[in-house]
Amino acid sequence: MLNLKNGLLVLSLSLFTSQVVLAETAKTPPVKNGMVLLLDASDLDANGEVDKDFVTGEAVNNWRDKSSYTDNNTANDNNAYPNNGRPPKRLLKQLNGKGTVAFKDGGLSVSALKDGNAGTVLIPTDSAYTKVVLFKINNKDDGKQNNLISSDDIALFTGQAQNSTAAKGPLKVWHRPDEFSFLSGKTVINDTDYHIAVARYAQPAGLKNLIKVDGTVVDSNRLVKPHTGYTTYIGSISNGNFLVGEIAEAMVYNRALTDAEIVNIEKYLKDKWGGLKGNKISFKVAKKEMKVGTTLNLSANSTAKLPVRFATDSKTCTVTKKRTVFTVKVLSKGDCIVDADQSGNANYQIAKTVSQTIKVVPATTSTPAPASNGGGGGGSTTPLWLMMLGFIAFLRRKS
């Protein structure tokens, strides 16, 4: 009996261990020194594990800070909370299998960016800072301000500046809301890709102020302004001008990061979240209807120009691959649903599955031939018309 108990204990421990091993650790930025805010959409509850069990579309009422300065047990925590009663939503497996936070008509705010234990302000006015955000825009209206990460009146955002008279065009990036556009088309923010934006305010540290988008410096010194006030807004500025898009990760430092540190963070974000460029599959089957027993070669294209995989769960058909060619064979009457998938790479996102339906119909059956008038079995070989003439002659003789 003791051996049985020991065996059950070992089994329970092994199952527990396997569950722990299966939990995916949430990666954190390589640069920790000076980090005062870290919001990670893949680990919304900040427990160190990638979130798996949540419902897409659920409200984000508490995005927990993962920085070294947080103290989630005090009133001075640096968690982000809804600022207008309309919280953003969670999106399941949005970016390469990880969840993001989607904004539309509401934002989040960290009411007092302070040291949770000492209560001291972490970014005093006119002090150095670096802000980094991984985001996506879900609208094409360049007249809308899509605020990403802001203080009371300074924002890193995309869209038309408030007082800009510049002609509308592709979405671009500004920093100070009341300035004209300074990009002049150098950097385009579209609504299919995710982007990494960095704002560094270095004064009086000696480094150059800069704004970077996707690794490219798009402006320096002129428009990067000091952080103002105590509040930090995510997806809005002063409870307005809300982002229409998604944020995967946002971080704030109370110092000016070096160029090398910024490059390390950009690499970390790419490695963690995968390819950031949009990836879409174009897939159509050559035949929408097939006969039982027939086959059809499958082909599709993706934005990433990478091979597309095909599969089916339907019992009416099978999909096989020989070298690089996928073929579907229909087996029985019904609907055959074929899925096309593409896993992306270091540059391109995982593509969303595209499905096509093939109607499977019975194979054509030949029409039975009319019964033979002659041949074996004693049947007559006399043509029908001769038999009729003979019958008529028989009737005449009778009369």
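A short reminder: the numbers here are calculations on the coordinates, not readings from a lab. This structure is a prediction, so every number in the text was calculated from the model and none was measured. Counting neighbours? That spans all protein chains shown, and the Cβs are built from the backbone with ideal geometry, glycine included.
Remarks
- Judged by the mean number of other Cβ atoms found within 10 Å, the most tightly packed of the peptides 147-154, 241-248, 346-353 leads the ranking 241-248, 147-154, 346-353.
- Principal semi-axes of the equivalent ellipsoid, √(5λ) from the alpha carbon gyration tensor of the stretch 281-361, are 25, 11, 10 Å from largest down.
- Residues whose placed amide H lies under 5 Å from that of THR231, excluding near-sequence neighbours: ASP152
- Of the cross-linked pairs LYS66/LYS225; LYS98/LYS277; LYS32/LYS93; LYS315/LYS359; LYS131/LYS225; LYS212/LYS270, those separated by over 18 Å at the C-alpha level are LYS66/LYS225; LYS32/LYS93.
- The amide H of PHE326, built 1.01 Å from its N in the peptide plane, has LEU298 as neighbours under 5 Å, considering only residues 5 or more places off or on other chains.
- Among 308-314, 131-137, the order from most to least packed when residues are scored by Cβ within 10 Å on average: 131-137, 308-314
- Per-residue Karplus couplings for the stretch 29-38, computed as 6.51 cos²θ - 1.76 cosθ + 1.60 with θ equal to phi - 60°, are listed in order as x, x, 9, 9, 4, x, 6, 10, 8, 9 Hz, Gly and Pro entered as x.
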